[in-house]
1. What share of the DSSP beta bridges in the chain is antiparallel, in percent to the nearest 5?
2. Comparing Ala98, Ala89, Ala306, which has the greatest mean-square fluctuation in the GNM of the chain with Cα pairs linked when under 10 Å apart?
3. Considering lysine pairs in the chain that are 8 or more places apart or on different chains, how many have Cα atoms under 14 Å apart?
4. Can you give the local net charge around Pro68? Use residues other than it whose beta-carbon is closer than 12 angstrom to its beta-carbon, Lys and Arg +1, Asp and Glu -1.
5. Would you work out the charge dipole size for the range 117-226 about its Cα centre, treating the Cβ of every Lys and Arg as +1 and the Cβ of every Asp and Glu as -1, and quote it to the nearest 20 debye?
6. Could you tally the net charge around Asn154, taking each other residue with its Cβ under 15 Å from the Cβ of Asn154, Lys/Arg +1 and Asp/Glu -1?
7. What are the residues whose amide H is under 5 Å from the amide H of Leu65, where those residues sit 5 or more places off or on another chain and H is modelled from the backbone?
8. Got a sec? Charge dipole of the range 188-271, +1 on Cβ for Lys and Arg, -1 for Asp and Glu; which of Thr228, Leu241, Pro255 is way out at the positive end?
Amino acid sequence: MSTINALAAIPAARDRKLEHIELALEQRMQLENRFFDRYGFVHQALPEIDMDEIDVSVDFLGKPLAAPLLVSCMTGGTGSAAKINQNLAIGAERAGIALGVGSQRKAFEDAETAETFEVRELAPTIPLLGNLGAVQLNYGFGLEECERAVEMINADALALHLNPLQEAIQPEGQCDFGGLLSKIGDLVSGLSVPVVVKEIGCGISGVTARRLVGQGVRIIDSAGLGGTSWARIEAARASDLPIGELFADWGVATPDSIRQLAAIEGVTVIGSGGVRSGVDVAKAIALGSDLVGLAQPFLAAAMESAEAVYQRIQRTVQELKIAMFCVGARNLGELEQVALVEKP
C-alpha cells in the first residue's frame, strides 16, 4: 500500500502513536542508502578459533547480557503498542538482551495508557530503559516527571531522545530546544538512574557528544542516519511529502556517528540507526560501539508474536557469531580490534 493510500485509510481521530507504528512498517519509510555497506571485513580463511568458543556476552547498566544488543525505544501509549511492548519484553528477556520503551510522554497526558509501557514483570532481569523527549524539559517536565517515568516501569536508565528534525516537521511538533543542554546536565546530576542521550535517526556528532559529556552524560546512542526516516513519516502525517524527501537524508550517517562517539574517552557508545543484521552489528562493534540497537526489524517481528521477536534476536546473534568466526574474533574485545575496510 502506498503512503498516500495508507494515510487515507487512517481516520482523523487516530492518534500519533498508532500512525507512527503503521508508517514505520512501510518500506518507503526506510532509507535506500545502506551506510554499513560502505564497510567490509577482511575474510580470514584460517581463523584459528573454534566457533563454539565465541563469547558475545557483555555487561550493561550493571546487568549481564547474552549478546550486545538493545531493542531500541519504539512505541507505547496506544492500544496496539501494549501488545507490541509485551512481545518485545518477552522476547528480549528470553534472549537476555536490553530493552527500551517508546516515549512515555503519552502516559503523562493520559494515565490510562501507562500500562502500555509497563513490561517489567515480563522482563524482570534485563536492563530496561525508560524514554522521554529531551525537549519536554522545556515544556513543563523536570526531575519529578523524569523520576515518575523511571518508576512507572522500574527502569534501569532513562533515555532522553533528541529529535529536532522530527519536531520541526511533525504537525504537533514542539520546537523550543533553547537551553536544553544545561537542563540535561541538571537531570544527569539529580536523577536516580543513569541518563542515556540518543537521537532518533539523524545521528549525534562528536561535537554534540562532547557538549553532553561536559554535562555528565556517559551513555550516548548514535541513532544515526541510515534506517527509518522520521522526516518521511512526519511529512506523510502532515500531508507534505516533498519536505520529507528534502530532509530524508539529513543527518550523520550511523558509522560516522559511532566513530565520532567512540573517540571520546569514558563514553559508553550504543550504535544504532539502520542496523539490520548481525553483520551490521559486527561492523558497529568494530567501529567502536559497546552495544548495538535495532528497532524496525524487531517492530516487524513484534507485530507477529513474542516468539517471532525471540527468533529474530537469535538469528541476529547467529549472524554476529558467523561474522566473528570469519574474522577470527573470539569475543567482543577482539572484534573491536578488527579493522574494517572501506569499499570503493
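1. Looking only at bridges with both residues in the chain, the antiparallel portion is about 20 percent.
2. Ala306
3. 4
4. -3
5. The dipole of the range 117-226 has a size of about 460 debye.
6. -4
7. Placed amide hydrogens put Val58, Asp59, Phe60 under 5 Å from Leu65.
8. Among Thr228, Leu241, Pro255, the one farthest towards the positive end of the dipole of the range 188-271 is Pro255.
A short reminder: the numbers here are calculations on the coordinates, not readings from a lab. Worth saying up front: this structure is predicted, and the values here are computed from it rather than measured. Positions of Cβ are generated from backbone atoms using ideal geometry, with glycine treated the same way; all protein chains shown enter the neighbour counts.
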